[in-house]
Amino acid sequence: MAASILDYIKEELAGSSDVVYQSINVYGHACMLIYIPSIVDTLSMQEYVSTPLKSEANSEPDWPKFLERLDRGSAFAIPYVKVYEVKRAVELIVSGNALLCIDGLPCMYYFEIIHYQKRAVSESQNELVVIGPQEAFIEDIDTNLSLLRHIIKHADLKTKHFSIGKYTKTDVYLIYIEGLYNPQTLEEIQTSLEDISIDGILGISYLAEHMKQGHFSPFPLFQYTERPDSVAASLMEGRIGMLMDGTPSALLTPVTFMSLLQSSEDYYQSFYAGSWVRIVRLFFSMLSLVLPSLYVAITTFHSQIIPSNLLLTIASARENIPFSALTEALIMELTFEALREAGTRIPKPVGQTVSIIGGIVIGQAAVQAGIVSAPMVIVVSITGIASYIIPHMELGLIFRLLRFALLILGGTMGLLGVIVAVFVTYGHLANMRSYGTPFLQPIAPLVFRDWKDTFIRVPSQYMNKRSTSFTNRKNDRRQKKQ
């Protein structure tokens with residue numbers, strides 16, 4: 001081994017006291033095995049690399065024959081690969097590979113025996129289902145790929161590897177099914193991934209933020225999921241997925257507004273139950289967005305449209321309240337947001353108890369103290385519960401943000417402000433595209449063929465054609481003609 005090679009490696013790894021340099025003499029030639037024990041499978045290395053090298057050292061000298069076997073790839077019982085660039089060799093060492101340098105050879109050999117600590121596959125925490133698979137992704141990308149390939153056992157399942165981050169060198173895999181995806185979409189995503197220049201990515205949301213193509217819309221253009229079955233179903237629809245090492249979630253794109261309101265359990269129940277739950281979810285999702293603003297607008301500017309008995313009840317409840325309906329609603333909404341965030345940060349064993357008891361105690365005390373009215377507590381509570389119906393967190397967060405905008409407009413301009421805000425939001429959504437797919441398809445533009453899996457879910461035997469929102473449209477038209 002050239003001294004300059006070893007000197008360069010030691011210089012690059014200087015200060016890393018956990019790097020091991022194991023020297024082994026084979027037929028009078030110095031061999032150096034370099035690795036980091038904490039991220040290398042040391043048992044495999046000892047069994048398949050170190051021990052065979054020591055056996056060679058103790059056997060009858062035959063250096064040319066050993067080099068010949070080394071070049072053929074038969075010197076060791078596990079695969080190994082040549083590497084000529086010293087900089088690349090350093091990257092391999094810090095990535096968990098064992099590197100073998102041999103005196104007199106211009107190349108080095110590395111053994112991919114990476115062994116990172118990882119947790120076992122567990123149940124999904126954020127996308128719970130009663131019926132259906134319970135497995136969820138973990139932080140190890142190889143495990144995640146195996147979970148996906150366990151579902152889709154077909155040669156058309158393709159993966160493309162990217163290494164992103166100057167310091168983290170994070171593995172990212174682009175996943176799709178050959179013949180189903182839109183080639184233009186795949187090309188755009190690949191270009192976006194190749195253009196990412198960043199020191200490191202610590203979560204898959206980093207990818208989503210860098211790939212929004214300069215789009216500053218608050219609405220998500222990607223769907224997050226931690227369920228392998230959801231990824232598999234999306235790939236078979238013609239969508240494209242991304243898996244990242246170190247993150248127990250996948251990204252799916254293109255995405256539509258209706259796909260963000262669907263849950264995997266819709267397909268594990270009967271189509272009657274799945275359709276009913278989907279209608280309820282859609283209704284309460286919209287209710288969570290507009291209910292507080294409608295209540296404030298009507299009670300402040302349009303009280304004449306409220307039935308007399310109900311109006312008297314609301315008026316008597318607000319008789320001693322010192323704040324306007326808008327201020328009252330903002331106080332309650334901000335308090336509810338604080339309770340929600342606190343419930344997330346509080347340790348799990350006491351989180352739900354504290355948030356529920358805190359909400360009840362604070363709400364009751366506020367009503368008795370005359371700070372807020374009972375009807376407002378009811379409206380905010382219904383809104384809060386309805387917001388949890390949205391299955392995808394990113395869309396739920398945007399709805400919570402927009403709720404405040406609609407609330408202020410409703411409190412200052414009445415129903416006109418709410419209606420204008422809703423139409424502006426709809427117009428914005430109608431103009432949005434997620435990698436070429438209209439965000440509101442199949443509503444805008446109207447594609448009646450895809451309504452079989454939008455507001456309701458028809459029986460599976462009638463869903464024999466893929467949605468035109470995600471598939472390879474040319475192939476889809478050709479299949480239709482045939």
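A few remarks follow.
- When the GluC sites (Glu not before Pro) in segment 1-101 are filtered for DSSP coil states and for at most 13 other beta-carbon atoms within 10 Å of their beta-carbon, the remaining sites are GLU85.
- Accessible surface of the chain [probe 1.4 Å, protein heavy atoms]: carbon and sulfur percent: 59 percent
- Three-way shape label, segment 30-152, alpha-carbon gyration tensor, a/c 1.5: prolate
- Charge context of ASP171, other residues only, Cβ under 10 angstrom, K/R +1, D/E -1: -1
- Net charge in the neighbourhood of GLN117 (other residues with Cβ under 15 Å of its Cβ; Lys, Arg +1, Asp, Glu -1) is -4.
- Karplus-derived HN-Hα couplings along segment 105-111 (A = 6.51, B = -1.76, C = 1.60, θ = phi - 60°), whole Hz, x at Gly and Pro: 9, x, 10, 10, 10, 10, 10
- Helix-only [θ]222 nm of the chain, DSSP H runs n ≥ 4, -39500 (n - 2.57) each, per residue, nearest 500: -15000 deg cm²/dmol
- For ARG239, the amide hydrogen comes within under 5 Å of no other amide hydrogen, counting only partners 5 or more places away or on other chains and with H modelled in the peptide plane.
- The chain, relative contact order in percent, only Cα pairs under 8 angstrom and at least six apart counted: 14 percent
- Å² per residue, accessible surface of segment 40-96 at 1.4 Å: 59 Å²
- Residues whose amide H comes within less than 5 Å of that of MET432, counting only those at least five positions distant or on another chain, are PHE439 (H built at 1.01 Å from N in the peptide plane).
- In Hz, Karplus ³J(HN,Hα) per residue of segment 433-445 (6.51, -1.76, 1.60; θ = phi - 60°; x = Gly, Pro): 9, 10, 6, x, 9, x, 5, 9, 4, x, 8, 9, x
- Contact order normalised by residue count of segment 127-193, Cα under 8 Å, 6+ apart, percent: 20 percent
- Amide H contacts under 5 Å for HIS115: VAL40, ASP41, restricted to partners 5 or more places along the chain or on a different chain, H placed in the peptide plane at 1.01 Å from N.
- Helix 141-151 and the longest principal axis of the C-alpha atoms of the chain enclose an angle of approximately 70°.
- Cβ-defined net charge surrounding SER285, 12 Å radius [Lys, Arg +1; Asp, Glu -1]: +4
- Segments 195-201, 135-141, 38-44, 230-236 sorted - mean Cβ within 10 Å per residue, highest first: 230-236, 135-141, 38-44, 195-201
- Helix 183-194 and the long axis of the chain differ in direction by around 70°, with both axes built from C-alpha atoms.
- Averaging the sequence gap over all C-alpha pairs within less than 8 Å and six or more residues apart, then dividing by the number of residues, gives segment 1-142 a relative contact order of 26 percent.
The values are calculated or read from the model by the stated rules, or taken from the named source; none is laboratory data. Note that the coordinates shown come from a computational prediction; the quantities given were computed from them, not determined experimentally. Cβ sites come from the backbone with ideal geometry, for glycine too, and all protein chains shown count toward neighbours. Keep in mind that these areas ignore ligands, DNA and RNA; they rest on the heavy atoms of the full protein, side chains included. Shrake-Rupley method; radii C 1.70, N 1.55, O 1.52, S 1.80 Å.
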